[in-house]
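Trainee: Got a structure here, written out as structure tokens. Questions coming.
The values are calculated or read from the model by the stated rules, or taken from the named source; none is laboratory data. For clarity, every value in this text was computed on a predicted model and none was experimentally measured. No Cβ is skipped: glycine too gets one built from the backbone with ideal geometry, and neighbour counts run over all protein chains shown.
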Amino acid sequence: MILGFSLHDLDVQFTGWANGLLWPVEPLMRLALAGVLGALVGLEREIRGRQAGFRTNLLVALGCALVMIVSISFVYHPWSHATNVNVNVDPARVAYGVMSGIGFLGAGVIIKHDGAIRGLTTAAGLWCVAAIGLACGLGLYFIAVMAALIVLGVLWFLDHLERLLPKVRYRSLVLRLAWKPGVIHETVQMVKSHQVDVRDTSFHRLGDDLERVDLHLRIAFGSKRHYAEFEAKLARRDDCQLVSASSES
């Protein structure tokens, strides 16, 4: 409770001080804070070599803060109208449009390559950065800072924690074999004997007389070491050739 009251007092005092600044000092401070918080999230993405990095996140946060400031300014603008006409302005409508439109930018960083989908975390980060920018533009300084710290914690610290958790990995293999009755079942059982789970199988016979067969396997394994040992044993076999291996994530 003491901490809660302290944070509340700090937020009230800082917000009151900021609101006492003259135009355009306070809006410029909101833009600066949005740029700094967006840049911090973008720096984390830049270090990890993600599609949307430092400049992208900075511009998203800065742009959203500016949009929110402009939206609020609609309310205080002296609109000319007749005395018998009531003008109602909803500044939140612009925020709705921003959060919907940021999805198109996020979709641009999501890519699909060899069955793996990448960029979902970066897209979600962009969406959060847009919300942080709107909070800065509205003058919610403390909430914006706390949200940025939480986003950074999720992107950075939880990434290290996620690596410690047990994870099932998937890979697609193509094995080339000499065709004979029962070879598919024998090969699947051989793969399973190496602590590898076979999730799906299909095959395609090759050659004019169908003397060879390509066996397509979708496998799951928990340990990279077990898979490396399994692939090394495959390389030493004369009756089985590993044609391709592609990972899924």
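Trainee: Picking from Leu173, Leu164, which residue would you name as being in contact (Cβ under 8 Å) with a residue 24 or more places away in the chain, of a type outside the set (Gly, Ala, Ser) and over 23 Å from Val60 (Cα atoms)? Before the answer, list the steps.
Mentor: Numbers: Leu164 fails: in contact (Cβ under 8 Å) with a residue 24 or more places away in the chain.
That would be Leu173, the only listed residue that is in contact (Cβ under 8 Å) with a residue 24 or more places away in the chain, of a type outside the set (Gly, Ala, Ser) and over 23 Å from Val60 (Cα atoms).
Trainee: Could you tell me whether Ala95 is within 24 Å of Met146 (Cβ to Cβ), modelled with pLDDT of 70 or more and within 29 Å of the chain's Cα centre (by Cα)? I'd like the intermediate steps shown before the answer.
Mentor: On the way: within 24 Å of Met146 (Cβ to Cβ): yes; modelled with pLDDT of 70 or more: yes; within 29 Å of the chain's Cα centre (by Cα): yes.
For Ala95, the condition - within 24 Å of Met146 (Cβ to Cβ), modelled with pLDDT of 70 or more and within 29 Å of the chain's Cα centre (by Cα) - is met.
Trainee: Just one of (1) at pLDDT 80 or above; (2) outside any helix (DSSP H, G or I) trips up Val89, so point out which.
Mentor: Just one mismatch for Val89, condition (1).
Trainee: Sort out which residues of region 35-67 are among the aliphatic types (A, V, I, L, M), more than 18 Å from Leu105 (Cα to Cα) and either modelled with pLDDT under 80 or crowded, with 19+ Cβ neighbours inside 10 Å (or both), and write them in order of number.
Mentor: Across region 35-67, the qualifying residues are Leu37, Leu40, Ile47.
Residues are listed down the side, and each one gets a yes or a no for (1) in a loop (DSSP other than H, G, I, E, B); (2) under 34 Å from the mean Cα position of the chain (by Cα); (3) surrounded by fewer than 15 Cβ atoms within 10 Å (Cβ to Cβ):
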{"residue": "Phe230", "(1), (2), (3)": "no, yes, no"}
{"residue": "Lys233", "(1), (2), (3)": "no, no, yes"}
{"residue": "Asp238", "(1), (2), (3)": "yes, no, yes"}
{"residue": "Gln241", "(1), (2), (3)": "no, no, no"}
{"residue": "Ser246", "(1), (2), (3)": "no, yes, yes"}
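Trainee: Residues being within 11 Å of Leu215 (Cβ to Cβ) and surrounded by 11 or more Cβ atoms within 10 Å (Cβ to Cβ): count how many of those fall in region 163-187. Talk me through it step by step, then tell me what you get.
Mentor: Of region 163-187, the ones within 11 Å of Leu215 (Cβ to Cβ) are 173-177, 179, 183-187.
Going one step further and asking which of them are surrounded by 11 or more Cβ atoms within 10 Å (Cβ to Cβ), we end up with 173-177, 179, 183-184, 186-187.
Selection size over region 163-187: 10.
Trainee: Residues to consider are Met190, Met99; find the one that is crowded, with 17+ Cβ neighbours inside 10 Å and part of a helix (DSSP H, G or I). Break it down into steps so the answer makes sense when it comes.
Mentor: Numbers: Met99 fails: crowded, with 17+ Cβ neighbours inside 10 Å.
Testing whether each residue is crowded, with 17+ Cβ neighbours inside 10 Å and part of a helix (DSSP H, G or I) leaves just Met190.
Trainee: Something else now. Taking only region 200-226 into account, find how many residues are of a type outside the set (A, V, I, L, M) and under 30 Å from Leu164 (Cβ atoms).
Mentor: Just the residues of region 200-226 that are of a type outside the set (A, V, I, L, M), to begin with: 200-205, 207-209, 211-212, 214, 216, 218, 221-226.
After this cut, where a residue has to be under 30 Å from Leu164 (Cβ atoms) as well, the list is 200, 218, 221-226.
Looking only at that region, the number is 8.
Trainee: I would also like to ask the following. For residues that are of a type outside the set (Lys, Arg) and surrounded by 13 or more Cβ atoms within 10 Å (Cβ to Cβ), tally how many sit in region 208-222.
Mentor: Residues of region 208-222 that are of a type outside the set (Lys, Arg), as a first pass: 208-211, 213-217, 219-222.
Then drop every residue that is not surrounded by 13 or more Cβ atoms within 10 Å (Cβ to Cβ), which leaves 213-217, 219-222.
Residues in region 208-222 being of a type outside the set (Lys, Arg) and surrounded by 13 or more Cβ atoms within 10 Å (Cβ to Cβ): 9 in total.
Trainee: Hey, another quick one. Would you mind telling me which numbered condition in (1) among the charged types (D, E, K, R); (2) surrounded by fewer than 15 Cβ atoms within 10 Å (Cβ to Cβ); (3) assigned to a strand (DSSP E or B); (4) modelled with pLDDT of 85 or more Arg205 fails?
Mentor: Arg205 satisfies every listed condition except (4).
Trainee: Let me ask something else. Which one is surrounded by the fewest Cβ atoms within 10 Å (Cβ to Cβ) among residues in region 72-83 that are at pLDDT 70 or above and part of a loop (DSSP other than H, G, I, E, B)?
Mentor: Thr83
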